[in-house]
1. Which value in nm describes the separation of the simple spin-label points at Glu42 and Gln14, placed 7 Å from the Cα toward the beta carbon?
2. Between Glu34 and Lys56, what FRET efficiency follows from the Cβ-Cβ distance if R0 is 35 Å, with the result rounded to 0.05?
3. Using a probe radius of 1.4 Å on heavy atoms only, what accessible surface per residue do you get for the chain? Whole Å² is fine.
4. Only helical DSSP H runs with n ≥ 4 go in: add -39500 (n - 2.57) per run for the chain, normalise by residue count and round the 222 nm mean residue ellipticity to 500 deg cm²/dmol.
5. Using a 1.4 Å probe over the heavy atoms of the protein chains, calculate the carbon and sulfur portion of the accessible area of the chain as a whole percent.
6. Send over the semi-axes of the chain's equivalent ellipsoid, whole angstrom and largest first, taken as the square roots of 5 times the C-alpha gyration tensor eigenvalues.
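The values are calculated or read from the model by the stated rules, or taken from the named source; none is laboratory data. In this text the structure is predicted, and so the values were computed from the model without any measurement. Heads up, the Cβs are rebuilt from the backbone with ideal geometry, glycines too, and the neighbour counts pull from every protein chain shown. Note: accessible area is taken over every heavy atom of the protein model, side chains too, but ligands, DNA and RNA are not part of it. Shrake-Rupley method; radii C 1.70, N 1.55, O 1.52, S 1.80 Å.
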Amino acid sequence: MSDSSGWYFCLTHQTVEQGKGCKGPDRMGPYPDEATAARALEIARERTKAADESDKKWRGDDED
């Protein structure tokens, strides 16, 4: 169940929502504030990049 008072980014509408909005699978969050929710896709990209780099290091792929 999602937090009805948090901020979310709706993937369907590409907008920020507060509280109840679109269905859970269509949203990212909750985030602490509207500005952070607006950066949801950027945050996800940053986290994915960091995880990919960590995986490379773990596998030893980062060595030239």
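1. Roughly 1.6 nm, to one decimal.
2. Step by step, r from the Cβ atoms, then E = 0.55.
3. Roughly 78 Å² per residue, with all protein chains present.
4. Mean residue ellipticity, 222 nm, calculated: -12500 deg cm²/dmol.
5. Here it works out to 50 percent.
6. Here the semi-axes work out to 31, 10, 10 Å.
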